[in-house]
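What follows is a short report on a single structure.
The values are calculated or read from the model by the stated rules, or taken from the named source; none is laboratory data. This structure is a prediction, so every number in the text was calculated from the model and none was measured. Please note: Cβ atoms are built from the backbone with ideal geometry, for glycine as well, and neighbour counts cover all protein chains shown.
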Amino acid sequence: MLLNAIRHYIPLSSDDEAVVRSLFRVEKLKKGQHLLQAGNICKNIFFIEQGLVRYYAIIDGEEKTSYFNKEGEFVCDYASFLPQTPSIINIQALEACTVYFISHSNMQLFYERVKYGERFGG
């Protein structure tokens, strides 16, 4: 599913697929677990293989949900990830999730090693 999602944006050769497999890691999350908490730097881009997440912020002491991501979608607070600055949002699993993730430093390698990698982020 991850490779197909990337292929939606750029073509992948078999060599490119091997690079992708080497750079992404898999993690299982429990319901309620956070992928990102406000105040922390978003260090990864996630791809949801299975599950559902929500983006929310705490405004005037209340949780305000702003967005959801489901299976087959990428998840990231790009406003934090790109400059590597603290996030103002939380990203939380609403059910048990299986996600693939790539770190900021590995994303730079993706851009360098995958033939059309620089087009993936654009």
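Summary of values
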item	result
The one condition in (1) aromatic (Phe, Trp, Tyr); (2) loosely packed, with under 13 Cβ neighbours inside 10 Å; (3) in a loop (DSSP other than H, G, I, E, B) that Tyr9 fails to fulfil	(2)
Given (1) in a strand (DSSP E or B); (2) out of contact with any Lys or Arg (no Cβ under 9 Å at 6 or more places or on another chain), number of the condition Ala38 does not satisfy	(1)
Residue match in region 46-55 (condition: in contact with a strand residue (DSSP E or B) (Cβ under 9 Å, 6 or more places away or on another chain) and surrounded by fewer than 13 Cβ atoms within 10 Å (Cβ to Cβ))	no
Boolean, Arg25 is modelled with pLDDT under 95 and of a type in the set (D, E, K, R)	no
Subset tally (residues that are crowded, with 20+ Cβ neighbours inside 10 Å and in contact with a Ser or Thr (Cβ under 6 Å, 6 or more places away or on another chain)) for region 12-35	0
Subset of region 65-122 (residues that are under 11 Å from the mean Cα position of the chain (by Cα), of a type in the set (Ser, Thr, Tyr) and surrounded by 13 or more Cβ atoms within 10 Å (Cβ to Cβ))	Tyr100, Ser103
Criterion violated by Ser80 - all others in (1) in contact with a Cys (Cβ under 8 Å, 6 or more places away or on another chain); (2) in a strand (DSSP E or B) satisfied	(2)
Any hit, region 109-119, residues being assigned to a strand (DSSP E or B), among the basic types (Lys, Arg) and on the phi < 0 side of the Ramachandran plot	no
